[in-house]
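To keep things clear, I will list the structure first and then write my remarks on it.
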Amino acid sequence: MKMMKMISAIAITCGTFLAAETGANEIDHTVYQVFRPIDMGDGITPPKDIYISMGLNDGLHKGSQLDVYRRISSFDNLTQKHMGDHMIPVGRLKVIYADEKTAIARADRFVSVEEEPALLPQSIMIGDVVRPTR
């Protein structure tokens, strides 16, 4: 029981830290799984399904669009001081399925490397932050 209370306290502390870091009232929603079916060699490349930690309860529905960002930390190499985190745009997702707590989306477009700092590979990754498109 004592261990559970300690884990809960850590989770609450981490959630508060993340909310303060992003300037949001809630913890950022993220990509938690990327799945691509096996290529059967028929010349059709199967699409990637992107699983995200928000759903109908968060206002999503089939057809919703989400912007994807990657949190990149920067450090001063001379002083080894953390200079800050940057939210670099990666692209946009379109929701193809949503239930109460989660959704599945597909990549709609990627941000051009000429427009933003280069993120390689240019793809959606586990841990990327997702936010409704405005």
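Only residues of region 89-103 count here: report those whose backbone N is under 11 Å from the spot 7 Å along Cα→Cβ of residue 56, or say none. From region 89-103, the list is 98-102. About its Cα centre, the dipole of region 28-132 is roughly 100 debye, where the only charges are +1 on Lys and Arg Cβ and -1 on Asp and Glu Cβ.
So for region 28-132, what percent of the C-alpha to C-alpha distances run longer than 22 Å?
Numbers: 2094 of 5460 pairs.
Pairs farther apart than 22 Å: 38 percent.
Put a dot 7 Å past the Cα of residue 78, heading toward its Cβ, do the same for residue 39, and the two dots end up 4.7 nm apart. Each other residue within a Cβ distance under 13 Å of residue 75 adds +1 if Lys or Arg and -1 if Asp or Glu, for a net charge of -1.
Each value in this text was obtained by applying a stated rule to the coordinates, not by laboratory testing. The model shown is predicted, which means the values in this text are computed figures rather than measured ones. Positions of Cβ are backbone-derived with ideal geometry, glycine not excepted, and every protein chain shown enters the neighbour counts.
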